[in-house]
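What follows is a set of notes on a single structure, which appears directly below.
The values are calculated or read from the model by the stated rules, or taken from the named source; none is laboratory data. Here the structure is a predicted model, which means the values were calculated and not measured. Quick reminder, even Gly has a Cβ in these numbers, built from the backbone with ideal geometry, and neighbours come from all protein chains shown.
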Amino acid sequence: MASQASYTAYKLIDAHIVSIQILDSSNRETLEKLKQKPIWKRLKAVQQGNIYPVDMLTWFESNLLAADAVINDLEKYNDKLSRIYISHNPTQY
């Protein structure tokens with residue numbers, strides 16, 4: 001049963017784009033450990049270079065400074081995200 005749960009979890013996160021919310025340095029250390037695992041390298045988003053770390057506190061705040069920081073993150077990733085969307089939705093254009 002555990003292998004089925006692992007497979008299901010893998011399928012849920014095997015997306016073309018993954019946003020990883022980073023809270024503090026311990027999260028960064030955990031992410032670095034995760035990057036060493038074989039399953040990490042099998043994820044589509046990793047293979048395509050579409051892993052986007054974002055500051056968790058900023059993304060969950062509700063003030064103008066946080067909104068501006070989120071917009072900056074989105075602008076930073078926008079060009080690549082646009083190309084991914086178009087390539088996976090060709091009938092839209």
Output the residues belonging to region 68-81 that are under 22 Å from D24 (Cβ atoms), modelled with pLDDT of 85 or more and exposed (fewer than 14 other Cβ atoms within 10 Å of the Cβ).
D68, N72
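Which of the residues belonging to region 18-30 are out of contact with any Lys or Arg (no Cβ under 7 Å at 6 or more places or on another chain) and within 17 Å of Y77 (Cβ to Cβ)? Show your work before the answer.
Residues of region 18-30 out of contact with any Lys or Arg (no Cβ under 7 Å at 6 or more places or on another chain): 18-21, 23-30.
V18, S19, I20, Q21 - these are the residues of region 18-30 that are out of contact with any Lys or Arg (no Cβ under 7 Å at 6 or more places or on another chain) and within 17 Å of Y77 (Cβ to Cβ).
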Name the pairs: first residue in region 37-51 and closer than 10 Å to I17 by Cα, second residue at pLDDT below 85 and acidic (D, E), Cβ to Cβ under 6 Å, at least 6 apart or on different chains?
L43/D14; K44/D14
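From S25, S3, S62, which residue is loosely packed, with under 10 Cβ neighbours inside 10 Å, among the hydroxyl-bearing types (S, T, Y) and at pLDDT 85 or above?
Working: S25 fails: at pLDDT 85 or above; S3 fails: at pLDDT 85 or above.
Only one candidate passes the filter, namely S62.
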